[in-house]
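As structure tokens, the structure follows; a few thoughts come after it.
Nothing in this text is a laboratory measurement; each read-out follows from the coordinates by a stated rule. On a predicted model such as this, the values are computed, not experimentally measured, just so you know. Here the Cβ positions follow ideal geometry from the backbone for every residue, glycine too, while neighbour counts run over all protein chains shown.
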Amino acid sequence: MRNFYIVNKKFRKILIMLLIILILLQKNVYSLTIDDKFLNRVFDKINALDPDLKNDAFNLLESYFLSPQTLENLKTDLPGILSLVIGSDYEKKLSQEGITLQDINKEIDNLKNWTREDRMKLLEFAKEGDKEGIKNLYEKYEDINTSSGSSSGMGGGSTLPSNIPQQIKITFNDITNHWAKTYIEEMASRGIIKGIKEGIFAPNKNVTRAEFTAMLVRLLNLEQKEINFDFADVKKGQWYYDVIKIAFSNDLVKGKGNIFEPNAFITREEMVVLITRAASLKNKSTFINSIEENNLLTKFQDNKEISSWARTEIAVALKLGLVKGKGDNIFSPKSNATRAEAATMIYNLYNYLNKN
């Protein structure tokens, strides 16, 4: 993300104006007073902006809209931005527009409940002056933003935090009575995991290294960094090329020499290592010493089967509550993970990264 404070003051003013316009839109929609006259005034202001600055401002706002975490960054940055742009008395000046800092933070929190796709649509509709598109989007989330949902979550139950509402529900025909139904539906509804074809998830099918990497890239909203990338078995034109390149450039995945083995089934220990690494990328990991590591792992009868390179990461995942054994004190590190297990672990990671 661009450093906000290196751009010029006029640019910052435009960004703040766009943000305030979006907040006014939400306040009007939720109070059911939105009308075309109001929207016309909004778009008149947007269209009066310098085209290049307007485009840059929307692009920067888009970078804040990428994920719940980047929206939280926006909340953190906001007081300093408002003070710099509007002045130290920004709260008084905002109140003249019928807005408080709490209003802005509340509506930013509401946007966290939207899918990333819909947040991007909102900015695009605002840029294009699409009144119906904007109204439909806000009305789509009106009920979600005034209520919260809950559900329950490898083989165990973590609880979905009450401040993370349900998205538009997606389900599959082959998970009706499956133990991982809740986790699969929740992550599919958030666009993080996908079925293998229309209406089919195949929960008991093994998941490949490329497929699990794609789930993590979507969950973490990773962007590609410039880096040398040359796996002999990952070529342009393959569906997983960009996914693996993005993950590799962010130090999320590593190859096996000059190969990646994208179509090989991922083992449970490999999957847990990636989950722990993902938490670390978001600065949400934890320190663990050798004694604690040993205590966490020796409760599993098959702990000696865990590879030396995976032991610390698996212990960290256990400590963070991201993973559990398979029952009867078995971890089964070398077994191939199923798509249901992958969905459950992604679910646990998502909840962990988004809890307060």
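3J(HN,Hα) along the range 304-314: 6, 7, 6, 4, 4, 6, 10, 5, 5, 4, 5 Hz, from the Karplus curve 6.51 cos²θ - 1.76 cosθ + 1.60 with θ = phi - 60°, whole Hz, x for Gly and Pro. Highest average first, the peptides 271-279, 301-309 ordered by how many other beta carbon atoms sit within 10 Å of their residues are 271-279, 301-309. Looking at the range 242-275, the trypsin sites (Lys or Arg not before Pro) that sit in a DSSP loop and have at most 16 other Cβ atoms within 10 Å of their own Cβ are LYS254. For THR208, the residues 5 or more places off, or on other chains, whose built amide H falls under 5 Å of its own are ILE266. Note on HIS178 and GLN102: their simple-model spin labels are 4.4 nm apart, each label 7 Å out from Cα toward Cβ.
Under unit Cβ charges (Lys, Arg +1; Asp, Glu -1), what dipole magnitude, rounded to 20 debye, does the range 187-331 have relative to its Cα centre?
Numbers: 22 positive and 17 negative charges, 68 e Å.
Dipole of the range 187-331, to the nearest 20 debye: 320 debye.
Shown in residue order for the range 210-227 are the 3J(HN,Hα) couplings computed by the Karplus curve 6.51 cos²θ - 1.76 cosθ + 1.60 at θ = phi - 60°: 5, 4, 5, 4, 4, 4, 5, 4, 5, 5, 8, 6, 6, 10, 6, 10, 6, 6 Hz (x for Gly and Pro). Radius of gyration (Cα atoms) of the range 166-299, expressed as a multiple of 2.2 N^0.38 Å: 1.17.
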